[in-house]
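*Asks:* This is the structure I want to talk about, given as structure tokens.
Coordinate-derived values only; no laboratory data. Remember, predicted model here, so these are calculated numbers, not experimental data. FYI the Cβ positions are ideal-geometry reconstructions off the backbone, even for glycines, and counts take in every protein chain you see.
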Amino acid sequence: MNAPAERLVTDVRVLVTDIEELLRATAAQSGERIAATRSRVEAALVRARDTVTEQTRHAAQATDQYAHQHPWQTSGIAAGVGLLIGLLLGKR
């Protein structure tokens with residue numbers, strides 16, 4: 001997955017967590033409007049979670065497919081990333 005897509009997935013996960021916390025905090029509130037709003041938010045939350053799950057699954061499948069189609073490039077990239085991490089950790 002590219003950086004903007006990863007950032008979007010991270011942002012959606014944070015949003016989902018925040019919404020879940022808000023729903024728990026307002027659980028004791030009553031009223032028709034609050035109940036309707038909570039219902040809509042819960043449905044949107046389920047849809048958002050399903051979307052993130054599907055996008056993550058799709059990204060994992062695409063990565064797996066690329067790795068199988070281009071094993072040498074994948075090995076080279078992995079070695080380069082490992083070298084970079086080693087250099088960064090070695091400087092500490």
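*Asks:* Name the residue from 63, 79, 25 whose Cα lies farthest towards the positive end of the charge dipole of the chain, charges +1 on Cβ of Lys and Arg and -1 on Cβ of Asp and Glu.
*Replies:* It is 79.
*Asks:* Turning to a different aspect of this structure: Count the net charge of all other residues whose Cβ sits under 13 Å from the Cβ of residue 53, scoring Lys and Arg as +1 and Asp and Glu as -1.
*Replies:* Charge balance near residue 53 sits at +2.
*Asks:* Rg and Dmax in Å for the chain, alpha carbons only: what are they?
*Replies:* 20.3, 61
*Asks:* Oh, and also: I want the local charge near residue 14. Using Cβ-Cβ distances under 12 Å, sum +1 for each Lys or Arg and -1 for each Asp or Glu among the other residues.
*Replies:* -2
*Asks:* Of 54, 21, 32, which is the most mobile in a GNM of the chain whose springs link Cα atoms less than 10 angstrom apart?
*Replies:* Largest GNM mean-square fluctuation: 32.
*Asks:* Using a Gaussian network model of the chain with C-alpha springs under 10 Å, which one of 49, 33, 13 is most mobile by mean-square fluctuation?
*Replies:* Taking springs between Cα atoms under 10 Å, the residue moving most is 33.
*Asks:* How large is the dipole of segment 1-62 about the Cα centre if only Lys and Arg carry +1 and Asp and Glu carry -1, each at its Cβ, rounded to the nearest 20 debye?
*Replies:* Approximately 100 debye in magnitude.
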